[in-house]
Amino acid sequence: QVQLVESGGGLVQPGGSLKLSCAASGSIFKINVMGWYRQAPGKERELVARIVTGGTTTYADSVKGRFAISTDNAQKTLYLQMNSLKPEDTAVYYCYYQLRERYYSRTTDYWGKGTLVTVSS
């Protein structure tokens with residue numbers, strides 16, 4: 001069973017930076033999609049950024065130019081560098097992987113439990 005664990009959240013002042021990490025454990029044969037989503041209080045979960053096989057990235061309009069998604073060389077750990085943070089970026093951030101555990105496995109979605117980012121002075 002694959003597990004995803006986020007880290008790096010916390011309290012930051014407006015204009016500040018944070019870097020989130022998502023570490024994966026368990027058997028992974030192939031990852032198709034990796035992404036970050038967020039959910040603010042009273043709102044639906046929304047896509048922040050994602051990266052697909054081959055390296056193509058997608059960002060929400062609200063974070064373009066401020067956030068950057070990346071992976072490590074082994075492409076199992078996911079990062080989100082967040083700069084110029086705004087109060088409206090306050091949310092629980094979740095990492096998401098779409099992957100196959102073994103060559104014969106079906107594609108399955110996995111989610112982390114989330115890490116809270118609070119942007120406030």
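The values are calculated or read from the model by the stated rules, or taken from the named source; none is laboratory data. On a predicted model such as this, the values are computed, not experimentally measured, just so you know. Cβ coordinates were reconstructed from backbone atoms using ideal geometry, including for glycine residues, and neighbour counts include every protein chain displayed. For the accessible areas, the whole protein counts, side chains as well, though only heavy atoms, and no ligand, DNA or RNA atoms are used. Shrake-Rupley method; radii C 1.70, N 1.55, O 1.52, S 1.80 Å.
How many residues, within the range 19-29, are part of a strand (DSSP E or B) and either touching an Asp or Glu at 6+ places or on another chain (Cβ under 9 Å) or of a type in the set (Ser, Thr, Tyr) (or both)?
Qualifying residue count for the region: 5.
More than 20 Å from Val2 (Cβ to Cβ) and over 12 Å from the mean Cα position of the chain (by Cα): is that true of Glu44 in this structure? For Glu44, the condition - more than 20 Å from Val2 (Cβ to Cβ) and over 12 Å from the mean Cα position of the chain (by Cα) - is met. Of all residues in the range 66-121, those being open to solvent by less than 50 Å² (accessible area, probe 1.4 Å) and part of a loop (DSSP other than H, G, I, E, B) number 9.
For Leu11, the conditions (1) in a strand (DSSP E or B); (2) closer than 21 Å to Gln98 by Cα all hold with the exception of (2). If the condition is being open to solvent by less than 60 Å² (accessible area, probe 1.4 Å), of a type outside the set (Lys, Arg) and in contact with a Leu (Cβ under 9 Å, 6 or more places away or on another chain), then the range 27-50 contributes Ile28, Ile31, Asn32, Val33, Met34, Gly35, Trp36, Tyr37, Val48, Ala49.
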